[in-house]
Amino acid sequence: MKGRNFIDGAWRDGELALQTYNPSDLDELVGQYARAGVAEAEEALAAARRAAADWRRFNMQARADILRRVGDALLVRADELGALLSREEGKTLKEGIGEVQRAAYVFHYYAGEVVRHPGQWYNSMRDGHNIVVTYEPVGVVLAITPWNFPIAIAAWKVAGALAYGNTVILKPSEYAPGCAVALAELLEQAGLPRGVFNLLLGEGRAFGQMLIEGVDAVTFTGSTPTGSMIVQMAAPAMTKVQLELGGKNPFIVLDDADLDTAVEAATQGTWGQTGQRCTGSERIIVTKGIHDAFVERLVKAVASLKVGHALHPDTQMGPVANQAQFQKNLDCIARARAEGAELAFGGGAIDAPTRGYFLAPTLFLDTDNRMELNQEETFGPIAGVIKVEDFDAAIAVAQDSRFALSSGIATTSLKNAERFRRESKAGLVMVNAPTAGLEYHVPFGGRPPSGYGGREQGAASAEFFTELKTSYINHGVI
Ligand code: NAD
């Protein structure tokens, strides 16, 4: 694996200062990477700027073909890159391969968008005129990505930006850069002209401000505090910003819910991918009539989850991704217990044959929505059940959060489902389905402070990656 930065079409040597270790087996070194500094960032910015003029005029079919080739190659290498992802991030092999396949389909989708994306033509109120509205590339886009979906999020930012004619600088998370390096290799092999895509590794703090001021747009996914900082860094230059941030997503179970569906959706939504999903269910709100039956089934489901090495075929929940996140989860559990939440299952580290960040899936009962457990994003395999009187109370509790990313409900009543769909302030609503698990052809995102500056994915992403131009044309023919 190349442990280097990719700038202006060339792999750049550097001191291998960044190491990643397998969270399933801390004795395994997964990758060594060179950390970019200010000089590399300045070169990447200059390269992306130089390449922008040609790339926006690049032949449409040829641009679509490059993106399609990257998607094809991702499918061919899905097993290998899925295993790399699992070794670096800790999600199960099935989840890792699934994420690489999803990244491939994202590239295929945006290959189609290159030729599908329309403009608009209007009649004019002035005789002999018409009006044309066109969407033009923004210019140079900086994409900053987190560790939890290291290839899917990179794919939907990079493929989207390239499809609409922008050049890109990608700064992946320092915790999981391996897939971004592989993506750079694939873009190079697919024939992308030099400078159109650049990769900078490391924490990014040394050059973040400089790049954010220098590029035309920043698309960021990560935590809400970092997102807020990015907005402040972008303000002096008024750089366009799009943020996808944290959540504290509610999943409501009503008395009329189908129990199997409710338990399955809550289990998947909460503990899938070790709970490390911005759309994961972190608050399970249950009306009193079904509460005891639901909780009994949920505890059994949680207890049956097999936690272990991400590459082991029987594993259903891999380790927590890194030391910082592991400690954060343990602290959160300790504080929830101190707040008086009743521990129903889990609550601590699990011993395994290898040294890793294995945490038991954790469920608290008898929690109150105002507890820190239910107000601050956990981003781990931890959730609290909140018992409520009725549907009105369930909605009030669901809305009583500063976050507004995803939300879900289990009910067999169309009327209840529709009421929740309308009243939820979240950007995503799931009915009888887990709060997490999204498709790439439709918009994705939430309201502040869960999201800011426009939606990602699907046709909505064009709003961020393009600028509108309205042209009035006097053609002289009445
Ligand atoms: P983070 O905010 O710590 O880091 C995100 C990225 O920002 C990383 O690449 C990091 O290196 C970079 N970064 C931090 N400071 C920087 C600076 N000064 N200049 C340039 N880059 C800088 O987030 P994380 O821990 O990697 O990810 C977990 C968070 O991401 C959770 O809060 C989760 O909810 C959120 N998330 C949101 C979505 C969504 O779409 N809403 C999806 C996945 C994850």
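Every number here is computed from the coordinates shown, using simple stated rules; none is lab data. Since the structure is predicted, the reported quantities are computational estimates derived from the model, not experimental observations. Because the Cβ atoms are built from the backbone with ideal geometry, glycine has one as well, and the counts that use them run over all protein chains shown.
Of everything in region 96-121, what is touching a residue at least 40 places away in the same chain (Cβ under 8 Å) and surrounded by fewer than 17 Cβ atoms within 10 Å (Cβ to Cβ)? Give them in sequence order.
Gly112, Val115
How do the strands (runs of 3 or more DSSP E) wholly within region 242-356 filter down when requiring 1 or more residues that are surrounded by fewer than 17 Cβ atoms within 10 Å (Cβ to Cβ): which remain?
Fully inside region 242-356 and qualifying: 342-345.
Suppose we filter Leu93, Leu29, Leu81 for residues that are of a type outside the set (Val, Ile, Thr), surrounded by 21 or more Cβ atoms within 10 Å (Cβ to Cβ) and under 26 Å from Gly380 (Cα atoms); which single one remains?
Leu81
Can you tell me which residue within region 203-228, out of those that are of a type in the set (D, E, K, R) and more than 7 Å from the ligand (Cβ to nearest atom), is farthest from Gly445 (Cα to Cα)?
Glu213
Name the residue that is farthest from Arg419 (Cα to Cα), counting only residues in region 378-408 that are touching a Cys at 6+ places or on another chain (Cβ under 8 Å) and part of a loop (DSSP other than H, G, I, E, B).
Gly380
Can you name the residue in region 99-129 that is of a type in the set (D, E, K, R) and outside any helix (DSSP H, G or I) and, of all such residues, is nearest to the chain's Cα centre (by Cα)?
Per the criteria, the residue is Arg126.
Scan region 17-33 residue by residue and report those that are touching a strand residue (DSSP E or B) at 6+ places or on another chain (Cβ under 7 Å), touching a residue at least 40 places away in the same chain (Cβ under 8 Å) and more than 30 Å from Tyr164 (Cβ to Cβ).
Leu18, Thr20, Asn22, Glu28, Val30, Gly31
Looking only at region 51-71, how many residues end up being part of a helix (DSSP H, G or I) and either surrounded by fewer than 16 Cβ atoms within 10 Å (Cβ to Cβ) or touching a strand residue (DSSP E or B) at 6+ places or on another chain (Cβ under 6 Å) (or both)?
Total meeting the criteria: 11.
If Val431 satisfies all but one of (1) surrounded by 13 or more Cβ atoms within 10 Å (Cβ to Cβ); (2) farther than 26 Å from Ser228 by Cα; (3) touching a residue at least 24 places away in the same chain (Cβ under 8 Å), what's the number of the condition it fails?
Of everything listed in (1) surrounded by 13 or more Cβ atoms within 10 Å (Cβ to Cβ); (2) farther than 26 Å from Ser228 by Cα; (3) touching a residue at least 24 places away in the same chain (Cβ under 8 Å), Val431 misses just condition (3).
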